Structures are given as C-alpha cells and as structure tokens.
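**Q** Below you'll find the structure I mean.
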C-alpha cells in the first residue's frame, strides 16, 4: 500500500488546517490562569476556546532556543501565586466536570 503524501500549503489559514488532538498536563494554577485569560478576552468581545488561546500563545512564542530557554527558566522558578491574575491569598482548586472543555 502506498501512502499519499499530505501537505499543507504555507498560505493556508490555520483555522482551516487539519487539527490534531493533544493532551497537556500542567499545574492547576496554570490551568486557572488560562481560564482567567479566556475570561479577559471574552470581556473584550472575543469568542474563543481554550484551544484557540493556547494555539495563539504557541504561535506568539519566540523561535530562538535561547529565548525559549529564558522562558523555561522563568517558568520553573514560579510559585502558584506568581501566575494568579489579580491578588490571591490562595489559588482555588476548581471543581471540574467530566468531559471536554473546549
């Protein structure tokens, strides 16, 4: 069986490209921050999903290994309160319902 070579044209809009499912595991405060960022964007009239925002952030990330290294070093030294949006004495653990979240 010969497989067809699949390609995406460089001028194809990202929103029209084939999508792949990914699974990301990260600390609860990071997930809480993502939800807060979504709320901020929605407050400005944006319609988005968690996937939209994560994809936008990945696309905006630096492409220099040195710059990525700086980001990683910074991330690895953060504490839960450092990623909270606004003042928080504690980072609440939200109750999560089963199923997809966007």
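**Q** Is it true that some residue in segment 46-55 is within 18 Å of residue 27 (Cα to Cα) and either touching a strand residue (DSSP E or B) at 6+ places or on another chain (Cβ under 9 Å) or exposed (fewer than 12 other Cβ atoms within 10 Å of the Cβ) (or both)?
**A** Taking segment 46-55 first, the residues within 18 Å of residue 27 (Cα to Cα) are 50-51, 53-54.
Filter once more, so that each one left must be either touching a strand residue (DSSP E or B) at 6+ places or on another chain (Cβ under 9 Å) or exposed (fewer than 12 other Cβ atoms within 10 Å of the Cβ) (or both): none.
Scanning segment 46-55, I find no residue that is within 18 Å of residue 27 (Cα to Cα) and either touching a strand residue (DSSP E or B) at 6+ places or on another chain (Cβ under 9 Å) or exposed (fewer than 12 other Cβ atoms within 10 Å of the Cβ) (or both), so the answer is no.
**Q** (1) surrounded by fewer than 11 Cβ atoms within 10 Å (Cβ to Cβ); (2) at pLDDT 95 or above: which one isn't true of residue 24, the others all being true?
**A** Single failed check for residue 24: (2).
**Q** Suppose we filter 41, 88 for residues that are touching a helix residue (DSSP H, G or I) at 6+ places or on another chain (Cβ under 9 Å), more than 30 Å from residue 6 (Cβ to Cβ), modelled with pLDDT under 95 and surrounded by 11 or more Cβ atoms within 10 Å (Cβ to Cβ); which single one remains? Step through it out loud before you land on a result.
**A** Working: 41 fails: modelled with pLDDT under 95.
The unique qualifying residue is 88.
**Q** Checking residue 65 against (1) surrounded by 12 or more Cβ atoms within 10 Å (Cβ to Cβ); (2) farther than 16 Å from residue 24 by Cβ, only one condition comes out false. Which one?
**A** Looking at each condition in turn, residue 65 falls short on (1).
**Q** I need a count of the residues in segment 15-38 that are in contact (Cβ under 8 Å) with a residue 24 or more places away in the chain, within 14 Å of residue 55 (Cα to Cα) and in contact with a helix residue (DSSP H, G or I) (Cβ under 7 Å, 6 or more places away or on another chain).
**A** Adding up the residues that qualify gives 1.
**Q** Go through segment 73-85 and count every residue that is exposed (fewer than 10 other Cβ atoms within 10 Å of the Cβ) and either touching a helix residue (DSSP H, G or I) at 6+ places or on another chain (Cβ under 6 Å) or under 30 Å from residue 17 (Cα atoms) (or both).
**A** Of the residues in that region, 0 qualify.
The values are calculated or read from the model by the stated rules, or taken from the named source; none is laboratory data. Computed from a predicted model, the values in this text were never measured in an experiment. Every residue, glycine among them, receives a Cβ derived from its backbone with ideal geometry; neighbour counts consider all protein chains shown.
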